[in-house]
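Peer 1: Questions regarding the structure given below will be posed in turn.
The values are calculated or read from the model by the stated rules, or taken from the named source; none is laboratory data. This is a predicted model, so every value here is computed, not measured. In this analysis, Cβ positions are derived from the backbone assuming ideal geometry, glycine residues included, and neighbour counts consider all displayed protein chains.
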Amino acid sequence: MSHDTTDHDTTGQGSTGRGPTSHDALRTDTSGATGYAVNAQYYDLIFPAAQRDAMRAALTTLLAGARRVVEIGSGTGQFTETLVANLPAGGEVFAVEPAPVMRAALTTRLAALGDPPVTVLPEEALTAEVDGPVDAVVALHVLTHFSPADRAALWDRWAPRLNPGGVVVVDVQAPQTPVAVPATTVPGRTLGRRRYDSVSEAAVDGDGLVWTVTYRVHEGDRLVSRESVSFPSFVVPDEVLHAELRGAGCEPVPEPPPGVLAWRANRSRPGVA
Ligand SMILES: C[S@@+](CC[C@H](N)C(=O)[O-])C[C@H]1O[C@@H](n2cnc3c(N)ncnc32)[C@H](O)[C@@H]1O
């Protein structure tokens, strides 16, 4: 499949504005200012339902009893909703989301819930602040934006804030090594007369990938529109994450639910007051 682009933001999620082939020079976009400008409108419509449901089930299992939860990169809030639903009385969620377009979807979703105990933080993960210790740090589908140095800073920032026994949850990264991924069509949802899907492919770029995702809108047999974004992606295998989190004072949760990795803060270490 060709790397089509549109007149819109063609560098897409987490882009620094450099070309998609300069992966080595790319770092996490910590501003969130331009990220997801194209993606946001399609996000919930093309997210695979089975994957969403598996993640929701995993959160429900792993975060049982967690009162204070930080979510890094809440996006449109499809998992924030689950975090809220599982809170015990008096619990609260801090939803960190730097991209304004995603945050718009997030706040709209949360507002529709009534008065959920969610504080939306427009900073990014390395600058967002929460007062006091937390019971869980959830980072789903966002590690792709973090370079190794930024991941180290991420764990340095959030692991010490975990109460003993507190949990870190991330999605299993795919692929686990920087290998090219052929164009793959992912069916999405229907809204009114129109059907949405996406075609994703990845090219190797140094020790990372550049993903190109084409969002397509169909009506009957007619292709109504298509627009593509390309964005750099950092690749990290499970064993590297295990080493990083162990270094941050957390032990892996044995046999985590499908689709996620999880760690718990060592009980011997003090939480942050
Ligand atoms: C692929 S979306 C995932 C959204 C949501 N977690 C989900 O799984 O549906 C990644 C989100 O992370 C956000 N993000 C990117 N860089 C970030 C950073 N440095 N700190 C916090 N969030 C970030 C993006 O703005 C985007 O909304």
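Peer 1: Checking the structure you have, find out if any residue of region 19-33 is hydroxyl-bearing (Ser, Thr, Tyr), at pLDDT below 50 and either near the ligand (Cβ under 8 Å from one of its atoms) or closer than 20 Å to GLN173 by Cα (or both).
Peer 2: In the first step, residues of region 19-33 are kept if they are hydroxyl-bearing (Ser, Thr, Tyr); the result is 21-22, 28, 30-31.
Filter once more, so that each one left must be at pLDDT below 50: 21-22, 28, 30-31.
Then keep just the ones that are either near the ligand (Cβ under 8 Å from one of its atoms) or closer than 20 Å to GLN173 by Cα (or both); that gives 28, 30.
Yes.
Peer 1: Every residue in region 166-185 that is in contact (Cβ under 8 Å) with a residue 60 or more places away in the chain and out of contact with any Gly (no Cβ under 9 Å at 6 or more places or on another chain), please.
Peer 2: Filtering region 166-185 down to residues in contact (Cβ under 8 Å) with a residue 60 or more places away in the chain leaves 166-173, 175-177, 183.
If the condition is that a residue be in contact (Cβ under 8 Å) with a residue 60 or more places away in the chain and out of contact with any Gly (no Cβ under 9 Å at 6 or more places or on another chain), then VAL167, VAL168, VAL169, VAL170, GLN173, PRO175, GLN176, THR177, ALA183 are the ones that fit.
Peer 1: If I ask for residues that are within 27 Å of LEU126 (Cβ to Cβ) and over 17 Å from the mean Cα position of the chain (by Cα), which ones from region 64-83 would you list? Show your work before the answer.
Peer 2: The initial filter retains those residues of region 64-83 that are within 27 Å of LEU126 (Cβ to Cβ), namely 66-83.
Correct list: ALA66, ARG67, ARG68.
Peer 1: Here is a follow-up. Tell me which residues, restricted to region 80-103, are out of contact with any Asp or Glu (no Cβ under 7 Å at 6 or more places or on another chain) and near the ligand (Cβ under 8 Å from one of its atoms).
Peer 2: GLU97, ALA99, MET102
Residues are listed down the side, and each one gets a yes or a no for (1) touching a strand residue (DSSP E or B) at 6+ places or on another chain (Cβ under 9 Å); (2) small (Gly, Ala, Ser):
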{"position": "VAL179", "(1), (2)": "yes, no"}
{"position": "THR190", "(1), (2)": "yes, no"}
{"position": "ARG195", "(1), (2)": "yes, no"}
{"position": "LEU209", "(1), (2)": "yes, no"}
{"position": "ASP221", "(1), (2)": "no, no"}
{"position": "ARG246", "(1), (2)": "yes, no"}
{"position": "PRO256", "(1), (2)": "yes, no"}
{"position": "SER268", "(1), (2)": "yes, yes"}
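Peer 1: Next question, about the same structure. Just checking, how many residues over region 104-124 are near the ligand (Cβ under 10 Å from one of its atoms) and more than 21 Å from ASN39 (Cβ to Cβ)?
Peer 2: The number of residues fulfilling the criteria is 0.
Peer 1: Is it fair to say THR119 is more than 21 Å from ARG246 (Cβ to Cβ) and assigned to a helix (DSSP H, G or I)?
Peer 2: Working: more than 21 Å from ARG246 (Cβ to Cβ): yes; assigned to a helix (DSSP H, G or I): no.
Spelling it out, it is not the case that THR119 is more than 21 Å from ARG246 (Cβ to Cβ) and assigned to a helix (DSSP H, G or I).
Peer 1: On the basis of being within 12 Å of the ligand (Cβ to nearest atom) and surrounded by fewer than 20 Cβ atoms within 10 Å (Cβ to Cβ), does ALA149 make the cut? Let's see the steps before the verdict.
Peer 2: Working: within 12 Å of the ligand (Cβ to nearest atom): no; surrounded by fewer than 20 Cβ atoms within 10 Å (Cβ to Cβ): yes.
The answer is no for ALA149.
Peer 1: Okay, moving on. Can you name the residue in region 61-76 that is without any contact (Cβ under 8 Å) to a residue 60 or more places away in the chain and within 15 Å of the ligand (Cβ to nearest atom) and, of all such residues, is nearest to VAL142 (Cα to Cα)? Please lay out each step first, then the result.
Peer 2: Keep residues of region 61-76 that are without any contact (Cβ under 8 Å) to a residue 60 or more places away in the chain, which gives 64, 74, 76.
Add one more test, that the residue is within 15 Å of the ligand (Cβ to nearest atom), and what stays is 74, 76.
On the way: SER74: 9, THR76: 13 Å.
Step by step, filter region 61-76, then rank; the result is SER74.
Peer 1: Where residues in region 125-146 are near the ligand (Cβ under 10 Å from one of its atoms) and among the aliphatic types (A, V, I, L, M), which of them is surrounded by the fewest Cβ atoms within 10 Å (Cβ to Cβ)? Quick ask: steps written out before the conclusion?
Peer 2: First, pick out the residues of region 125-146 that are near the ligand (Cβ under 10 Å from one of its atoms): 125-128, 138-146.
Pick out the ones that are also among the aliphatic types (A, V, I, L, M) and you get 125-126, 128, 138-140, 142-143.
Values: ALA125: 26, LEU126: 16, ALA128: 18, VAL138: 31, ALA139: 20, LEU140: 21, VAL142: 23, LEU143: 20.
Looking at residues that are near the ligand (Cβ under 10 Å from one of its atoms) and among the aliphatic types (A, V, I, L, M), I get LEU126.
Peer 1: Return yes when GLY75 is crowded, with 20+ Cβ neighbours inside 10 Å, at pLDDT below 95 and within 27 Å of LEU191 (Cα to Cα) and no when it is not.
Peer 2: On the way: crowded, with 20+ Cβ neighbours inside 10 Å: yes; at pLDDT below 95: no; within 27 Å of LEU191 (Cα to Cα): yes.
Judged against the criteria, GLY75 is not a match.
Peer 1: Where residues in region 78-124 are crowded, with 17+ Cβ neighbours inside 10 Å and touching a residue at least 60 places away in the same chain (Cβ under 8 Å), which of them is farthest from LEU45 (Cα to Cα)?
Peer 2: Looking at residues that are crowded, with 17+ Cβ neighbours inside 10 Å and touching a residue at least 60 places away in the same chain (Cβ under 8 Å), I get GLU124.
Peer 1: Just the residues that are more than 9 Å from the ligand (Cβ to nearest atom), within 19 Å of the chain's Cα centre (by Cα) and surrounded by 15 or more Cβ atoms within 10 Å (Cβ to Cβ), please, taken from region 154-167. Break it down stepwise before answering.
Peer 2: Kept after step one, since they are more than 9 Å from the ligand (Cβ to nearest atom), are these residues of region 154-167: 155-167.
Filter once more, keeping what is within 19 Å of the chain's Cα centre (by Cα): 155-159, 167.
Scanning region 154-167 gives TRP155, ARG157, TRP158, ALA159, VAL167.
Peer 1: Continuing with the same structure: Does region 62-109 hold any residues that are in a helix (DSSP H, G or I), of a type outside the set (S, T, N, Q) and touching a helix residue (DSSP H, G or I) at 6+ places or on another chain (Cβ under 7 Å), and which are they? Write out each step before concluding.
Peer 2: Filtering region 62-109 down to residues in a helix (DSSP H, G or I) leaves 62, 80-85, 100-109.
With of a type outside the set (S, T, N, Q) added as a condition, the list becomes 62, 81, 83-85, 100-106, 109.
Correct list: GLU81, LEU83, VAL101, MET102, ALA105, LEU106, ARG109.
Peer 1: Scan region 232-258 and report the pairs whose first residue is touching a residue at least 24 places away in the same chain (Cβ under 8 Å) and farther than 25 Å from ALA57 by Cβ and whose second residue is of a type in the set (A, V, I, L, M, F, W, C) and part of a loop (DSSP other than H, G, I, E, B), with Cβ atoms within less than 8 Å and a gap of 6+ or a chain change.
Peer 2: PRO232/LEU26; PHE234/PHE146
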